[in-house]
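Data block below; observations after.
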Amino acid sequence: MANLPLGEWHQTSSPLFMRNRILFPSVAVSLFSCLVALFLVGDFNVIAQERARLAGPSVKQTASVVKVESKGNSSAFNKAALENTKYRNSMSWTFGGKAQTGWTIYVPLIAETVGTDAGPDTAEFALALSKWQSKAGLPETGILDEATLETFTKYWQSRRLGRFGLSVNDNLLSAPINEFFDPTRSPDLLQLERDTYSAYRKMIEAAAKDLRHELKLTKYGELAPEEKFLRIVSAYRSPAYQDALRKREPNAGRVALAKNSPHSTGHALDIYVGGEPVKTLDSNRLIQVQTPVYKWLVKNAHRFGFYPYFYEPWHWEYVGK
Ligand SMILES: [Zn+2]
């Protein structure tokens, strides 16, 4: 195999070379040689570029692209942005045994994680993503492909509580019914862990201040009684209650109703962020992730010790600071 191209080169080039020597004067031969040399150099450049492309961008290249990008005309990140526009609506992946399409639902979380306010279809977003990819040990393409999304989900999952059941330090209390989304909720479903409740109170106080133009507030700046946003949909669920829920909705799937629910810790809260409170349909989650309340939680909940379950925009776990 290795000798074949060389053999072909000799066969085709030698007679041509001989004819050149015989038919053309020496000036013409020199010109022809120059043309061949130019052609070869050009060709090698193409090969070198192609090799670099296949090998992925090096640190040096990224640095120069960053400089160009700041002027807003990086073709590399513009191309990545086009790929992201396509991927975010159509990329096939699986989670919890269910086929998933695209990653538009996770854009607020992704943007927060990579530290950008730029939209997912922009070169600026691709640039921020490429920097995160570099830190995560991924090829820094700026394209949010399946491997990158998997790395995001692993990272988000790693920040969660990661345990089930009550621990010895967990003290449950009953929150007032007016903190809940459903004013007719059963009195035995109002419990949550003490520190989680106090962190939740501080969090919604801060949210009410920041979102005063978006939420209905009392004259004291607290959530008005009729305001549904940020209210608790579900808090502590005992293993027995979780079991009953699963039996009532046997087709809810693994993702919707896990056997070991983090709600059994008293640290997990389902918070009303819009749409249908706890429906995993893509169309519903797309509505939820665009509300000011969800966007605020994504940016601020960690300051109060709360971390999200990425798949359910309403589900937040008190991990502590
Ligand atoms: Zn939940």
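Could you list all residues from region 155-183 that are within 28 Å of the chain's Cα centre (by Cα) and either assigned to a helix (DSSP H, G or I) or touching a residue at least 12 places away in the same chain (Cβ under 8 Å) (or both)? It would help to see each step written out before you state the result.
Applying the first criterion (within 28 Å of the chain's Cα centre (by Cα)) to region 155-183 yields 155-164.
Matches in region 155-183: Y155, W156, Q157, S158, R159, R160, L161, R163, F164.
Which of the residues spanning region 184-204 are assigned to a helix (DSSP H, G or I) and out of contact with any helix residue (DSSP H, G or I) (no Cβ under 8 Å at 6 or more places or on another chain)?
The first filter runs over region 184-204 and keeps only residues assigned to a helix (DSSP H, G or I), leaving 187-189, 194-204.
Hits for region 184-204 are D188, R194, D195, T196, Y197, S198, R201, I204.
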- Within the bounds of region 115-132, is there any residue that is surrounded by fewer than 17 Cβ atoms within 10 Å (Cβ to Cβ) and more than 30 Å from F77 (Cα to Cα)? no
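Looking at region 189-225 only, could you name the residues that are of a type in the set (D, E) and within 30 Å of L245 (Cα to Cα)? Don't jump to the end; show me each part of the working.
In the first step, residues of region 189-225 are kept if they are of a type in the set (D, E); the result is 193, 195, 205, 210, 214, 222.
Passing the criteria: E193, D195.
Each row is one residue, and each column tells you yes or no for (1) over 21 Å from D282 (Cα atoms); (2) modelled with pLDDT of 95 or more.
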site: G97; (1), (2): no, no
site: I105; (1), (2): no, yes
site: I110; (1), (2): no, yes
site: S134; (1), (2): yes, yes
site: G142; (1), (2): yes, yes
Practice task
Would you confirm whether any residue within region 207-227 is within 16 Å of the ligand (Cβ to nearest atom) and either in contact with a His (Cβ under 8 Å, 6 or more places away or on another chain) or not basic (K, R) (or both)?
Solution key: no
Taking region 271-293 and the residues there that are over 20 Å from the mean Cα position of the chain (by Cα) and buried (at least 20 other Cβ atoms within 10 Å of the Cβ), the one that is nearest to the ligand (Cβ to nearest atom) would be I271
Subset of region 259-315, residues touching a strand residue (DSSP E or B) at 6+ places or on another chain (Cβ under 6 Å) and on the phi > 0 side of the Ramachandran plot, comes to G266, G305
Based on this model, can you work out whether L192 counts as at positive phi and either of a type in the set (G, A, S) or assigned by TED's automatic domain parsing to the domain that holds R303 (or both)?
no
Q. For A118, are the conditions met, namely being assigned by TED's automatic domain parsing to the domain that holds E83, in a loop (DSSP other than H, G, I, E, B) and not acidic (D, E)?
A. yes
Residue set L172, L144, L166; condition closer than 30 Å to W93 by Cβ and either buried (at least 20 other Cβ atoms within 10 Å of the Cβ) or not hydroxyl-bearing (S, T, Y) (or both); output residue L144
In region 138-154, anything among the polar types (S, T, N, Q) and not in a loop (DSSP other than H, G, I, E, B) is listed as T148, T151, T153
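Does region 204-217 contain any residue that is touching a Lys or Arg at 6+ places or on another chain (Cβ under 6 Å) and either surrounded by 13 or more Cβ atoms within 10 Å (Cβ to Cβ) or more than 30 Å from N78 (Cα to Cα) (or both)?
no
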Of (1) in contact with a helix residue (DSSP H, G or I) (Cβ under 6 Å, 6 or more places away or on another chain); (2) crowded, with 19+ Cβ neighbours inside 10 Å, S234 fails just (1)
Considering region 294-313, residues that are over 16 Å from R159 (Cα atoms) and either charged (D, E, K, R) or within 16 Å of the ligand (Cβ to nearest atom) (or both), and then whichever is surrounded by the most Cβ atoms within 10 Å (Cβ to Cβ), we arrive at Y294
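The values are calculated or read from the model by the stated rules, or taken from the named source; none is laboratory data. What you see is a predicted model, and the numbers here were worked out from it, not measured in a lab. Reconstructed Cβ throughout: ideal geometry from the backbone, glycine too, with neighbour counts over all protein chains shown.
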